[in-house]
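Here, each number is a calculation from the coordinates, and none is a lab measurement. From a predicted model like this one, the values you see are computed outputs, not experimental measurements.
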Amino acid sequence: MAVYTWIGPSVASAFGDLQVQSYNLYDPSNNKEYFIGHKFAKLPDETAFGPVRFRVYASKHGWVFLAATSEITGNRHLFLCHAFNRKTIDLPVIKTTTGARDPGNGTFSTIPTCSNCVFYVVDTSYDAVTVSTYRNGDAEWCMYKFANLENKMVKDALYWNGLFYCLCSSGLLWAFDIVCGDWRQIPIDASHIISLGTSKMVESDGVR
């Protein structure tokens, strides 16, 4: 795993009404643009759900992991869209507690249709970090809460080699181990990071 600074245009945009969302995905390396759309399979009462903020959490294996968070309740609808065959996967709603500071970050461990795939979402408030996990076949999300000792926000998240890594706005790297429910700091040299606001973690064999 390595941390790199990304300087470039936004890679996704959302538009349309609440029930149907469309996205333009841009691949800068090949100068190609892809279009995907999603229609919510189950949508709560619009009045209760209210205005939403959309965020692209992660993309790999052709799948894009997205979140729609209510600006009123904080409840979050999570789903995946396949950028090429247009298939979608709807995950259970995360009912977040009050105090969430942003739409959070997340990722997934392997191909989303695999039975052993685990989805991860992390939220930060002023005093707590909440890691939510969901395995295919579970009835709901499992939540783990830890003290936010730095009072910092998680800027990026990545699953690698069995751990869920979170890069904080302080430049510190934390990791969650689902096997033992452990949340610990990982020592890194952050001196090369130009801007935490544009830094992204990427998988890189032999680099950690």
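For this structure, a couple of remarks:
- When the pairs K87/K152; K32/K87; K87/K155; K60/K95 are compared against a 32 Å limit on Cα-Cα distance, K87/K152 fall above it.
- When the alpha carbon gyration tensor of region 44-192 is reduced to an equivalent ellipsoid, the three semi-axes, largest first, read 23, 20, 14 Å.
- J(HN,Hα) series, region 57-66, from Karplus relation 6.51 cos²θ - 1.76 cosθ + 1.60, nearest Hz, glycine and proline x: 7, 7, 8, 5, 6, x, 9, 10, 9, 10
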